[in-house]
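Take a look at the structure set out below.
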Amino acid sequence: MFGFCEKRGVQMRDPIYYWPVEMSKSNFPVKISKRLNSSQDNRNPNFALHWHEQLEFYYILEGGIYLTCNGEEQWIYAHDIAFANWCDLHRSICFLDNTLYYVFQIDLSLLTSDKEDIFTEKYSNNLIVRSQNFQRFIHQDAQLSRLFEEIIEEYEAQNIGFEMIVKSLFLKITGLIFRNYFRYDDSITLYDPTVNHTREILRYIAYNYSTCNQLDVLAAQAGISKNYMCRIFKEHTGCTIIQYINQLRCYKAMSLIADGVSVTQAALQVGYSDYNYFSRVFKQVVGFSPSKTARKKKDM
């Protein structure tokens with residue numbers, strides 16, 4: 001069945017890009033696009049390994065896609081769903097011929113627009129902080145399939161009130177994913193107050209990664225001690241704060257270089273004043289040097 005399609009997964013030396021998602025001009029926190037791909041697109045450079053700050057769902061109507069997401073790789077077929085969480089590395093690797101599918105991109109403001117709503121806030125916090133606990137590939141879930149098809153119908157018709165209906169359906173989808181596709185263990189409770197601290201750290205880093213140079217300052221922003229901050233961050237995310245900042249900086253630098261910014265200037269923009277240090281960290285994170293990224297861009 002897959003003889004024509006080379007199943008090539010994520011390699012550490014693949015380029016990684018930050019792709020900002022342009023949401024609706026009306027500030028509607030949902031973007032839906034209908035797509036058709038075939039096996040001829042299997043080597044399309046537009047399907048690069050990337051990440052963004054929106055939740056993303058793939059819903060397949062016909063055909064199939066071989067996807068990588070958060071280090072996992074699987075085929076999904078008609079009525080299957082793939083879920084890329086906040087800042088997950090993901091991309092389409094292979095398509096079957098005449099693959100028809102929808103991509104749903106949801107801004108987290110859909111869950112966080114009301115800060116007084118502690119019930120939705122605890123879920124949005126866990127979406128961000130416990131990202132590794134979610135199942136990324138969902139096969140033949142009839143209830144979720146019906147919800148996605150109802151969203152498609154409402155979004156395409158755009159009758160009066162469709163925005164409210166689409167938002168409510170995505171809230172229901174999120175609830176079902178927490179219920180059925182989130183890994184719980186004895187150490188996890190959705191009411192864990194320490195998750196709020198880690199989320200605030202992640203949010204602060206997201207907007208200030210180029211200047212996050214001192215853990216003491218970051219701890220002061222979160223209102224907790226440095227040692228406590230480092231411990232809970234590692235428990236929730238699986239990496240240290242420095243590792244996370246370096247990854248974010250290097251991925252952003254790669255995106256800048258791909259857009260034509262010089263390597264030196266990209267290093268400065270993401271917070272590295274020492275080019276040699278930047279080059280070493282970049283190679284550790286990405287797998288090759290920033291100068292090689294520039295050469296790849298030049299050769300395209």
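Values computed for the structure shown
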| quantity | calculated |
| --- | --- |
| Potential extension, Asn98-Gln243 segment - 0.36 nm per residue separation minus Cα distance | 48.1 nm |
| By average C-beta atoms within 10 angstrom, highest first, the peptides 67-74, 156-163 | 67-74, 156-163 |
| Debye log10 I(q)/I(0) for segment 216-271, one point scatterer per Cα, at q = 0.13 Å⁻¹ | -0.44 |
| Phi to ³J(HN,Hα) by Karplus 6.51 cos²θ - 1.76 cosθ + 1.60 over segment 268-284, Hz, x for Gly, Pro | 5, 5, 8, x, 10, 8, 9, 5, 4, 5, 4, 4, 5, 5, 4, 5, 5 |
| Amide H partners (placed H, <5 Å) of Leu61, local residues excluded | His79, Leu100, Tyr101, Tyr102 |
| For segment 159-166, Karplus couplings with θ = phi - 60° (6.51, -1.76, 1.60), whole Hz, Gly/Pro x | 6, 4, x, 4, 4, 5, 5, 4 |
| Length added when fully stretched, Leu171-Tyr228, from 0.36 nm per residue minus Cα-Cα | 17.3 nm |
| Segments 208-216, 29-37 sorted - mean Cβ within 10 Å per residue, highest first | 29-37, 208-216 |
| J(HN,Hα) series, segment 172-178, from Karplus relation 6.51 cos²θ - 1.76 cosθ + 1.60, nearest Hz, glycine and proline x | 5, 4, 4, x, 5, 5, 5 |
| Sulfur and carbon atoms: percent of accessible area, segment 122-164 [1.4 Å] | 48 |
| Subset of Lys34/Lys167; Lys31/Lys122; Lys34/Lys172; Lys172/Lys252; Lys34/Lys252; Lys172/Lys283 violating a 30 Å alpha-carbon distance limit | Lys172/Lys252; Lys172/Lys283 |
| Relative contact order for segment 194-300, counting Cα pairs under 8 Å that sit 6 or more residues apart, in percent | 23 |
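The values are calculated or read from the model by the stated rules, or taken from the named source; none is laboratory data. A quick note: this is a predicted structure, and the numbers were derived from the prediction, not measured. Cβ sites come from the backbone with ideal geometry, for glycine too, and all protein chains shown count toward neighbours. Surface accessibility is based on the protein's heavy atoms, side chains included, excluding ligands, DNA and RNA. Shrake-Rupley method; radii C 1.70, N 1.55, O 1.52, S 1.80 Å.
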